[in-house]
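S.K.: Take this structure first; my questions come after.
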Amino acid sequence: MKPGRFRLLGLLLVLCSSSGLAEQVEVRVKGDFPGLQENAEAFIGEVEGRSAANLRRYASTAVDQASKALRALGYYNPVVEWQVEEGEGDKPALLSLEITPGDPVRIKSRTVEIRGPAASDPGFSDDFPVHPAEGDILNHGDYTSLRNTFQTRARARGYFDGQYVTHTLEVDPEALTAAIVLVFESGERYQLGDVTFEEGHWFESDLLRRYVTFEPGIPYHADEIAKLNSDLLGSGYFSGVDIDASPRSADDGVIPVGVGLTRRDRRSIATGLGFSTDVGPRFRGTWREHWINPMGHSRGAETELSAPRQNVSGWYELPLDPPMTDSIRLTAGYQHEDIENVESELLTFGQQWQHQFDNGWLQVLSMRWEGEQFNIGDDEKGTSRLLLPGIGYSKLHADSPLDPSRGYRLQFDLSGAHRAALSSVDVLHVNAIAKGLITLGGNHRFLTRFQFGGIATNRFEDVPPSLRFFAGGDQSVRGYGYQTLSPENDNGVPVGGRFMMAGSAEYQYQFADNWRAAMFVDHGNAINDLLDPLATGAGVGIRWISPLGPLRLDIAKGLNPEFGGEWRIHFSMGPEL
């Protein structure tokens, strides 16, 4: 069956339930024509609670509906025979329709012509629907889709005066042929004019103008209006955005753009509970002041509390140009952590400058000061003070933010400190992550992950635990405890490694809507020498795609008992890229 038939059938099935057909109407189509039968059932709809006499009176209507259903898919000369079986006891009467489709109508000729400026506009004229093509069985859904393409593209690309010169579908049921003629005159393309913001928005006009990414005089495109609407809503300043870019307001083909804005509540608070096998139950709370002044500055505070880790942080953000992606953020935070006999208290102050390039890469330049007190198994105690300039690049490409079917994430971070610049140790810290996802055949998903990190320093024992590498856990090497994979001291306490290498390969099979089974292998370790052995874990799991994102439950076996490998259950949630 052709794609247009599926679209027509899908629409009909939504409009007309056929759940009652098995009771009092039975449709049988001779030959292998499942699409015809389903369409006929959808046209007839639900029939129940009728006597045999009533079904006989209804038979002509059912025959007419079945004939219309077949005509919609190109079969204009069906033979429909019917009979009514009397009901017995609890068994209701049954109307049976037996349909012989006959030969279909095929497309004899197709003429599609675009006149006017749109003929030389590739965005309008390219990639028109291929079907219905000459030789195809006539499908009215395909024809309607083709005809609507002209009007849809005209509205999207600003050809508001466009109209059909001719739009005909001539069907000759006796000759079993159909001829399509569609001639569209586009008229001139409209332009976008100046953008004005209605009074009462409170913000500086310069800030709002930075959300406008098009210049007055460019050809109209609905995507530009949609992007402006999305960017203003995504700013966090507004609860409502109303954009008026109607062609009725045009002056000599130029459409002025008027924007009405409704400010959101100034402050918001959010709390949430979560769980993972790495840290157990956790509480998260955020407070945010979405706008402080007319320049669009904002600030907020966050806290996350779990048994092994507690932190609180605050930030102050200044929007740059463009404000959708570029900003300066000042930060401060405190964190206490006690994991596998490694205890630390970390105080941070910093600044980040974020900028996104046109190719989608996000650059973050940072400068942060860290003061950390740490105690590793009562064997290694210390205090570090580091001034860490840093640079990071990342890129995320995915076809869906919640549950992508394909995409990738790349991330690279570099930071360092020197004793000559307010630091207690020389250190260079590098971390790189790559993730990939591809789906084949609709149900078969393949995920890969690779991480590499390294530390260059003249005194590793003075490097605080927050900069050392640890592996193991839900997001690292499954089958091992959280942050238990690392070099150990003489007392068997993990002290962190100079390097991190970890990779994962996972296969998922979708066996039901929003449910997937998974098989995976993880391989990695935190090490002091690149030739040190790595640990391997393997297992199976299940995925539920919740409204908030994927939830993962895994049973993994660590294959290296010398590293603490054992059977473990892992539960986590969050995006896969």
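S.K.: Using only C-alpha positions, report the orientation-averaged shadow area of the convex hull of the range 35-100, nm², one decimal.
M.R.: 4.3 nm²
S.K.: Moving on. For a test of the definition: using alpha carbon positions, the gyration tensor, and the 1.5 limit on a/c, classify the range 212-259 as rounded, prolate or oblate.
M.R.: prolate
S.K.: Then there is this: Which residues does the label zone of Phe450 cover in the range 482-510, counting backbone N under 20 Å from a point 7 Å along Cα→Cβ?
M.R.: It comes to 499-508, nothing else.
S.K.: Loop only by DSSP, 15 or fewer other Cβ within 10 Å of the Cβ. Give me the trypsin sites (Lys or Arg not before Pro) in the range 377-433 that pass, ordered by residue number.
M.R.: Arg419
S.K.: Grab the beta carbon distance between Val79 and Ala52, set R0 = 22 Å, and tell me the FRET efficiency rounded to 0.05.
M.R.: Efficiency, rounded to the nearest 0.05: 0.40.
S.K.: Then there is this: If the cut-off is a Cα-Cα distance under 29 Å, which lysines reach Lys108, setting aside same-chain residues fewer than 8 apart in sequence?
M.R.: Lys2, Lys30, Lys68
S.K.: What FRET efficiency comes out for the pair Lys91/Ala512, r = Cβ-Cβ distance, R0 = 25 Å, nearest 0.05?
M.R.: 0.15
S.K.: For the range 167-176, what does the Karplus curve 6.51 cos²θ - 1.76 cosθ + 1.60, with θ = phi - 60°, yield as ³J(HN,Hα) per residue in whole Hz, taken in order and with x for Gly and Pro?
M.R.: 8, 10, 10, 9, 10, 10, x, 6, 7, 6
S.K.: From Cα pairs below 8 angstrom and at least 6 apart in sequence, can you work out the relative contact order of the chain, rounded to a whole percent?
M.R.: This gives 6 percent for the chain.
S.K.: Taking the Cα-to-Cβ direction at Tyr393 and at Leu318 and moving 7 Å from each Cα, how far apart do the two end points lie in nm?
M.R.: Computed distance between label sites Tyr393 and Leu318 equals 2.7 nm.
S.K.: Using only the alpha-carbon atoms of the chain as identical scatterers, what base-10 log of I(q)/I(0) does the Debye formula give at q = 0.07, 0.08, 0.13 Å⁻¹?
M.R.: -0.69, -0.84, -1.30
S.K.: Amide H of Val477 versus every other amide H placed in the peptide plane: which residues, excluding those fewer than 5 positions away on the same chain, fall under 5 Å?
M.R.: Residues meeting the criterion, in which the H sits 1.01 Å from N, are Gly472.
S.K.: Could you please report the charge total around Arg210, scoring K, R as +1 and D, E as -1 over all other residues with beta-carbon less than 14 angstrom from its beta-carbon?
M.R.: Charge balance in the 14 Å sphere: -4.
S.K.: Per 5 Å bin from zero, what fraction in whole % of the C-alpha pairs of the range 454-577 is there, up to the bin with the longest pair?
M.R.: 2, 11, 20, 20, 16, 12, 9, 5, 3, 1, 0
S.K.: Enter the Cα centre distance for the pair the range 153-227 and the range 488-555, rounded to the nearest angstrom.
M.R.: 49 Å
S.K.: Work out the charge dipole of the range 224-288 with +1 on the Cβ of Lys and Arg and -1 on the Cβ of Asp and Glu about the Cα centre, then indicate which of Gly272, Leu261, Ser239 is farthest towards its positive end.
M.R.: Farthest towards the positive end: Gly272.
S.K.: Using only the alpha carbon atoms of the range 357-436, find the Kirkwood hydrodynamic radius as the inverse mean reciprocal pair distance, in angstroms to one decimal.
M.R.: 15.2 Å
S.K.: For Lys227, which lysines qualify as cross-link partners when the Cα separation must be under 22 Å and same-chain residues fewer than eight apart are set aside?
M.R.: Here the lysines satisfying the reach criterion relative to Lys227 are Lys395.
S.K.: Now, a different point. Between rounded, prolate and oblate, where does the range 394-434 land on the alpha carbon gyration tensor, with a ≥ b ≥ c its root eigenvalues, rounded for a/c under 1.5, else prolate if a/b exceeds b/c?
M.R.: The shape class here is prolate.
S.K.: Give me the net charge for the shell around Leu534: Cβ to Cβ below 13 angstrom, other residues only, Lys and Arg +1, Asp and Glu -1.
M.R.: Within the 13 Å Cβ shell, the charges total -4.
S.K.: Compute the length gained on full extension between Asn229 and His355: take 0.36 nm times their separation in residues and subtract their Cα-Cα distance, giving the result in nm to one decimal.
M.R.: Stretched out fully, the Asn229 to His355 stretch lengthens by 43.2 nm.
S.K.: Which whole-number percent gives the relative contact order of the range 442-577, counting Cα pairs below 8 Å spaced six or more residues apart?
M.R.: 23 percent
S.K.: Could you work out the helix-only [θ] at 222 nm for the chain, with each DSSP H run of four or more residues adding -39,500 (n - 2.57) and the total divided by the number of residues, to the nearest 500 deg cm²/dmol?
M.R.: About -4500 deg cm²/dmol.
S.K.: Something else now. Less than 18 Å apart at the alpha-carbon level, and either on another chain or at least 8 residues along: which aspartates and glutamates does that give for Lys557?
M.R.: Correct list for Lys557: Asp278, Asp474, Glu506, Asp522, Glu566.
S.K.: Applying 1/(1 + (r/R0)^6) with R0 = 30 Å to the Cβ-Cβ distance of Leu305 and Ile328, what FRET efficiency is obtained, to the nearest 0.05?
M.R.: FRET efficiency, Leu305 to Ile328: 0.55.
S.K.: What is the gain in length, in nm to one decimal, between Arg264 and Ala119 on full extension, counting 0.36 nm per residue of separation less the C-alpha to C-alpha distance?
M.R.: That works out to 47.8 nm of additional length.
S.K.: Report the gain in length on full extension from Arg406 to Glu488: 0.36 nm times residue separation, minus Cα-Cα distance, nm rounded to one decimal.
M.R.: 25.6 nm
S.K.: Ok, one more. Using a 1.4 Å probe and counting only protein heavy atoms, arrange Ser239, Ser276 so the residue with the most accessible area comes first.
M.R.: The residues order as Ser239, Ser276, largest area first.
S.K.: In whole Hz, what ³J(HN,Hα) sequence does the range 40-51 give by Karplus (6.51, -1.76, 1.60; θ = phi - 60°), x for Gly and Pro?
M.R.: 5, 4, 5, 5, 5, x, 7, 10, 7, x, 10, 7
S.K.: Right, another one. Dipole size in debye (nearest 20) for the chain around its Cα centre, Lys and Arg Cβ +1, Asp and Glu Cβ -1?
M.R.: For this selection, approximately 160 debye.
S.K.: Separate question: Please give me, ordered by residue number, the GluC sites (Glu not before Pro) of the range 516-577 that lie in loop per DSSP and have at most 15 other Cβ atoms within 10 Å.
M.R.: For GluC sites (Glu not before Pro) across the range 516-577 that sit outside H, G, I, E and B with at most 15 neighbouring Cβ atoms in 10 Å, the list reads Glu566.
The values are calculated or read from the model by the stated rules, or taken from the named source; none is laboratory data. Being a predicted model, the structure only gives us computed values, none of them experimental. Note: ideal-geometry Cβ built from the backbone for every residue, glycine included; neighbour counts use all protein chains shown. Heads up: the accessible areas ignore ligands, DNA and RNA and are worked out on the full protein's heavy atoms, side chains in. Shrake-Rupley method; radii C 1.70, N 1.55, O 1.52, S 1.80 Å.
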